[in-house]
Each structure stands twice: as C-alpha cells, then as structure tokens.
1. Anything in segment 419-440 that is part of a loop (DSSP other than H, G, I, E, B) and within 25 Å of LEU250 (Cα to Cα)? List them, or say none.
2. Out of THR81, THR69, THR73, which single residue is polar (S, T, N, Q) and surrounded by fewer than 18 Cβ atoms within 10 Å (Cβ to Cβ)?
3. Checking ASN320 against (1) over 21 Å from PHE270 (Cβ atoms); (2) at pLDDT below 95, which single condition isn't satisfied?
4. Residues that are in a helix (DSSP H, G or I), closer than 24 Å to ALA165 by Cβ and either out of contact with any Ser or Thr (no Cβ under 6 Å at 6 or more places or on another chain) or small (Gly, Ala, Ser) (or both): does segment 86-98 have at least one?
5. Residues that are within 17 Å of THR314 (Cβ to Cβ), at least 2 per element: which strands (runs of 3 or more DSSP E) completely within segment 324-418 meet that?
6. Right, LEU316: more than 29 Å from LEU170 (Cα to Cα), crowded, with 22+ Cβ neighbours inside 10 Å and of a type outside the set (Val, Ile, Thr) or not?
7. For segment 264-302, which positions are on the phi < 0 side of the Ramachandran plot, out of contact with any helix residue (DSSP H, G or I) (no Cβ under 7 Å at 6 or more places or on another chain) and modelled with pLDDT under 80?
8. When you look at LEU60, is it at pLDDT 85 or above and assigned to a loop (DSSP other than H, G, I, E, B), yes or no?
Amino acid sequence: MPQQVSVPEDDAGQEARPRPRVVPDVGVEAGRIAAVRRYDILDTPPDGAFDRVAAMAARLFDVPVATVTIVDTDRIWFKATHGLEGVAEIGRDPGLCGSAVLRDDALVIPDTLLDDAASGNPLVTGPMGVRFYAAAPITTSEGHRLGTVNILDTKPRSITEDDIATLADLAAIVMDELELRLAALDAVRYEQERRLAESWHAEIEHERAEAERRAREQAEKDKAAIAAFASTLQRTLLPPALPVVPGLELACHYLTASVHDVGGDFYDVFPLEGGRWAFFLGDVCGKGAEAAAVTSLTRYTLRAAAQIDPDPTTVLSALNSALLADVSAGSRFCTAIFGLFTPNAESDGFLVTMATGGHPPAYHLRPDESDGVWVKAIRPKGGMLIGAFPSAPFAQVTFSLAPGEGLLLYTDGLTEARTTSGDMLGEEGLTAFLHQRTTPVSATGLVEDIVALLQSLPDGAGDDVALLALSVPTCDNLPDQAASATAHTAAAPEPTGQERQPT
C-alpha cells in the first residue's frame with residue numbers, strides 16, 4: 001500500500017506545506033497497471049458515456065474544466081475532457097492526477113500555489129494556470145485505482161464533504177461503465193470462439209475446404225458483431241438522435257424536472273436483422289448516480305439481449321436477470337416496454353409485438369368518424385416490475401399499425417403531473433386529452449401536443465418525462481423530406497426531436 005506521511009493542518013483547515021507525500025508501492029503499482037491493461041481502455045475513441053460524466057462534473061461543480069483520466073506507467077491519458085480541448089495526454093508529473101491515483105480517498109487542493117507537490121505541476125505553471133484541483137479515484141472492486149475523475153479551476157476555492165461524495169459517485173459511474181464495457185467485450189469474444197468451434201466440429205474431413213470458407217465468413221460476421229457491440233458501448237443514457245426508419249415517423253422528447261438530478265428515464269430505437277426494428281422505453285426508480293448506473297446497465301442489456309433473441313418477453317427476462325445479478329444495482333428496480341416493428345407489405349404499415357414489465361400502458365391512436373381520435377390503451381396483462389423477483393413473468397401483445405395510426409409511449413412523470421385542480425393527470429386524463437385531438441395522428445404532433453400540455457400545467461412536470469411516439473404516414477400526409485431527429489433533454493420544455501421518412 002502507498003506510504004503516507006502526516007503533517008498538521010493550518011488554521012484555515014487546509015493542508016499546510018508540505019502536503020503528505022505518497023510513495024507508490026512497487027507491488028501495488030504493478031497490480032494497478034495490470035488492471036489498466038485488462039480493461040483495454042487506453043487510446044480508445046471518444047465515448048459518449050464518459051464525455052457525459054465530464055460534462056456533468058463541470059456543471060455540478062460550476063468549474064471550467066473537468067476530466068476523466070486513466071493513469072498509465074508514464075503518462076496520464078484523457079478518456080474524456082470538458083473545457084480542455086486538444087489535449088490527449090500529459091506526462092505523469094506529481095502533484096495532481098499523478099498523486100491522486102495513489103490515494104484511496106479523494107484529493108482536494110484548495111490552492112495549488114500553496115501546495116509543494118502541486119505548485120510545480122505543468123498544469124499549474126503553464127498557460128492554463130490551475131489554482132484549484134480535486135479528484136476522486138476510479139477504483140475497481142479489487143481496489144486497483146485505474147485513474148481519476150477531476151475538476152479544475154483557475155482560481156482558489158473550497159468544496160464541502162457532500163461535494164467530495166458527489167465526485168466519488170461520478171468516479172463510481174465511470175467504473176460501472178468500464179465494467180459494462182469489459183463484460184460486453186468478453187461476451188462477444190466468448191461467442192466468437194464458440195461459433196468458430198461449432199463450425200469446425202460440424203465439418204467432416206473431406207469437406208475441409210468448404211469448412212475453411214465458412215470459417216472465414218463466420219469470422220467476418222463476428223468482426224461485424226464486435227463492431228456492433230462497440231457501437232452499443234458508445235451510447236449514452238439517451239441516444240443523441242433517432243434513426244431513419246423507412247415508412248415511419250419518429251419523435252421523442254426528454255424533460256428533466258431538475259438540472260441538478262440525474263434521472264432514470266430512458267428510450268431507444270435501433271435496427272435488427274431481417275428488416276425489423278426494436279424500440280424500448282422505461283424508467284429506473286430513484287435519481288442520482290446509482291440510478292444513472294442502473295439506467296446504463298439497462299440500456300446495454302436490452303440492446304445486447306435483442307441481438308441474441310429479439311423476442312420481447314425474452315429480452316425483458318434477460319434484463320430482469322441482469323438487474324438481480326448485478327451487485328452494484330442494489331435494490332434498484334425499473335419498468336419498461338420493449339417491442340418490435342416488422343414491415344407489413346399487405347397494409348403498408350407495421351406489425352407490432354410489444355411486451356411490458358410494470359410500465360404504464362402505451363396508447364394506440366387512429367382518427368375516428370367524429371373528427372376526434374380513437375384511443376386504445378395497450379396493456380398486456382401480467383407484466384411485473386423488473387428486477388424485483390427472479391421468476392417475474394412478462395406479458396406481450398401483437399397488433400397492427402396501419403397508415404394514419406400512431407403509438408405513444410411515455411414515463412409516469414406525465415400521468416403524475418398535477419392539473420390546475422391539484423389532481424394528478426392520470427391515465428384517464430391522458431386518454432381524454434388524446435381523444436379530443438383533432439389534428440392528424442403523427443408522431444411529431446403527438447409529442448408537441450403533450451409538451452404543450454405540460455407547459456400549460458401550473459407546476460409543469462414534477463418528475464422526469466420521457467416521450468417516444470411512432471406513426472405511419474398516409475399518402476396524403478407524407479413529409480417533403482426526411483429531417484434529422486435529435487433527442488432533446490430540457491429542464492423546461494423545448495422543441496421536440498423528430499424523424500420523418502416517407503413510405
């Protein structure tokens with residue numbers, strides 16, 4: 001373990017010069033470097049999940065610079081930066097990151113010029129002129145410190161014990177992302193080896209040439225599968241944009257109740273083999289760092305499970321098992337809807353198969369003869385809360401989505417919003433609101449109308465609200481051209497993200 005030499009504190013509560021000197025233990029450092037190599041993260045491309053942590057740290061602590069670093073043998077490599085453009089790595093000079101990675105607890109330096117170790121660091125003496133530094137170690141379950149989550153400022157300052165705990169939570173989120181990334185890569189590698197072995201054992205000797213050809217084809221497919229998993233790992237808690245789905249119009253919106261809390265609402269739309277598309281929307285209970293970690297685990301699990309077997313109830317069962325097996329998830333639960341869209345050539349629409357796990361109903365909408373909207377709640381019977389019981393059952397239903405019809409999914413922050421009378425909107429209020437719409441059923445229109453509804457309420461939404469709408473345009477209602485869909489996150493309602501694609 002590192003050796004620490006204690007020194008007294010000054011009257012202001014800050015460490016007096018010199019700061020306790022931490023000397024790395026040779027054996028501990030060797031184990032730490034081996035752990036860094038095992039996670040295979042150095043020199044990888046930018047990743048939205050880690051970028052989000054750096055941006056979140058800068059916002060929470062109101063500092064100009066925040067970083068996520070991995071400490072190598074002789075360098076400090078930046079996995080993510082906020083406010084520090086064009087810097088990929090720096091030398092492992094003592095005083096800041098190079099010292100923080102040697103500690104079990106957080107390192108806080110209120111004024112770097114008053115600290116013997118930090119005052120000579122290039123980030124302090126150079127053009128950046130860092131005067132405040134704080135870092136929390138990114139620590140594995142075995143106790144190896146891979147790197148740090150850091151916040152920096154150009155003026156001296158102090159932070160509270162709660163702030164230090166928040167910084168440690170952000171470092172724990174980074175560690176969760178690294179564990180998820182490692183687990184997914186291990187699973188892909190195992191599947192690749194299994195498939196190659198099956199391919200070789202299935203062939204007889206006189207068909208060796210054919211077996212070699214098939215093995216080469218399989219290897220290419222496995223390379224593509226690895227690339228798909230790597231792409232999945234780049235995803236953040238919310239997708240930055242919705243895909244273009246031929247014959248569908250998509251729209252989404254994410255409304256945060258507070259910019260200071262990390263919510264657990266999530267959604268996504270992504271392709272599968274055979275021209276099918278998968279979609280999901282759900283809500284992890286609670287807020288903060290733990291909810292964010294469970295949300296990340298949930299999104300990765302749903303995507304990975306769908307690649308193996310896209311049956312909706314099977315996918316939700318896989319998520320249930322993952323939440324129960326993951327120790328870091330604690331007692332966190334979630335609700336979710338997972339479904340598949342399959343093009344239906346006979347009706348120019350889609351066949352929808354949808355399963356639910358304890359989530360509020362989705363709504364199927366179509367115009368009716370009274371110039372209103374026919375509304376049906378899609379609520380398969382028997383779907384239980386996800387992550388609560390090992391043998392929890394999940395229910396699914398199949399129906400058609402024809403031209404002119406739409407499907408609305410949402411999280412319970414919508415139905416729990418308070419009306420002018422003080423009562424919750426509820427499912428009855430939402431159904432009545434959808435029924436009285438007179439405009440055509442379109443994904444964009446549905447999301448815009450619901451955002452306007454939330455804006456009209458006295459207190460808006462008391463909880464996060466995620467919206468995902470899908471509709472099949474009619475021949476009379478085709479958009480002029482496809483538009484890029486962007487998922488919006490807002491502390492107050494903003495314009496919706498949308499995607500339109502003609503049939």
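1. LEU425, GLN436, ARG437, THR438, THR439, PRO440 - these are the residues of segment 419-440 that are part of a loop (DSSP other than H, G, I, E, B) and within 25 Å of LEU250 (Cα to Cα).
2. Answer to the check: THR73.
3. Only one criterion in (1) over 21 Å from PHE270 (Cβ atoms); (2) at pLDDT below 95 is unmet by ASN320, namely (1).
4. yes
5. Qualifying strands (runs of 3 or more DSSP E): 334-344, 349-357, 395-401.
6. No, not satisfied.
7. LYS287, GLU290, ALA291 - these are the residues of segment 264-302 that are on the phi < 0 side of the Ramachandran plot, out of contact with any helix residue (DSSP H, G or I) (no Cβ under 7 Å at 6 or more places or on another chain) and modelled with pLDDT under 80.
8. no
The values are calculated or read from the model by the stated rules, or taken from the named source; none is laboratory data. Predicted model only: the values in this text are computed from it and were never measured. Quick reminder, even Gly has a Cβ in these numbers, built from the backbone with ideal geometry, and neighbours come from all protein chains shown.
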